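Novice: Sharing a structure below in structure tokens format, with a few things to ask.
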Amino acid sequence: MSVRSWSSAKLAEVTTKVGSGATPRGGKEAYHTEGVPLIRSLNIHFDRFLYDGLAYLDERQARDLDNVGTRSHPGRQLSENDCI
């Protein structure tokens, strides 16, 4: 699914948590041109989402980051619509 086909909504309407998280080791050299989208703070603005600079991870990188939100909050499970 292309990220440009995502529907538009206010974050407060679709998520219960918004916070900062981790990125894969290696910085921008670790990103790919396709794969699992990694939304970063540079993509989020008060009035819009910017696709420019959207990074992509491969499946392994995405799995490695899968539990990031629960490390800092032991016992808390992430919901499908959490935005970390």
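Novice: Is one or more of the residues making up segment 37-46 modelled with pLDDT of 85 or more and in contact with a helix residue (DSSP H, G or I) (Cβ under 7 Å, 6 or more places away or on another chain)?
Specialist: Scanning segment 37-46, I find at least one residue that is modelled with pLDDT of 85 or more and in contact with a helix residue (DSSP H, G or I) (Cβ under 7 Å, 6 or more places away or on another chain), so the answer is yes.
Novice: Would you please list the contacts, defined by Cβ atoms under 9 Å and residues six or more apart or on different chains, that run from a residue in segment 28-53 that is on the phi > 0 side of the Ramachandran plot to a residue that is of a type in the set (D, E, K, R)?
Specialist: So the pair list comes out as Gly35/Asp58; Gly35/Glu59; Gly53/Arg40.
Conditions tested, residue by residue: (1) at pLDDT 70 or above; (2) under 13 Å from the mean Cα position of the chain (by Cα); (3) farther than 18 Å from Ser2 by Cβ; (4) assigned to a loop (DSSP other than H, G, I, E, B).
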{"position": "Ser20", "(1), (2), (3), (4)": "no, yes, yes, yes"}
{"position": "Thr23", "(1), (2), (3), (4)": "yes, yes, yes, yes"}
{"position": "Lys28", "(1), (2), (3), (4)": "yes, no, yes, no"}
{"position": "Glu34", "(1), (2), (3), (4)": "yes, no, no, yes"}
{"position": "Gln61", "(1), (2), (3), (4)": "yes, yes, yes, no"}
{"position": "Gly69", "(1), (2), (3), (4)": "no, yes, yes, no"}
{"position": "Pro74", "(1), (2), (3), (4)": "no, no, yes, yes"}
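The values are calculated or read from the model by the stated rules, or taken from the named source; none is laboratory data. Every value quoted in this text rests on a predicted model; they were computed, and no experiment measured them. Cβ atoms come from the backbone with ideal geometry, glycine included; neighbour counts cover every protein chain shown.
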